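Below is one structure, written out as structure tokens; the observations come after it.
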Amino acid sequence: MLQAIRNYFREVQTQLQQTSWPSQQTTRSMTLLVIAVAAFLTLYLGGIDFLLQKIMEFLI
């Protein structure tokens, strides 16, 4: 059992060494993109919700 755990962590270490990590600039730009898209969707869906709420208030 202990040998299996050691093998697992050796394989994890090998895989992490083979991973190509994005540069700091790429990470920063992708993070900003995700924040911008989330903000846009928040405003868009909030606007739709507001409009539907006003339509329902008008009809009721």
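Taken together, the values in this text are just the output of simple stated rules run on the coordinates, not laboratory data. Since the model is a prediction, treat every value here as computed from it, not as a measurement. Heads up, the Cβs are rebuilt from the backbone with ideal geometry, glycines too, and the neighbour counts pull from every protein chain shown.
What the table below lists for this structure:
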quantity: Gaussian network model of the chain, Cα within-10 Å springs - most flexible of T31, T19, T42; calculated: T19
quantity: Modelled FRET efficiency - R0 30 Å, S20 with F40, Cβ distances, 0.05 increments; calculated: 0.50
quantity: Vicinal HN-Hα couplings computed from phi for segment 39-44 (Karplus, 6.51 cos²θ - 1.76 cosθ + 1.60; Hz; Gly/Pro x); calculated: 5, 4, 5, 4, 5, 5
quantity: Angle in degrees between helix 2-18 and the longest Cα principal axis of the chain, rounded to the nearest 10; calculated: 60 degrees
quantity: Cα Rg, Dmax (largest Cα-Cα span) when computed across the chain, Å; calculated: 23.9, 70
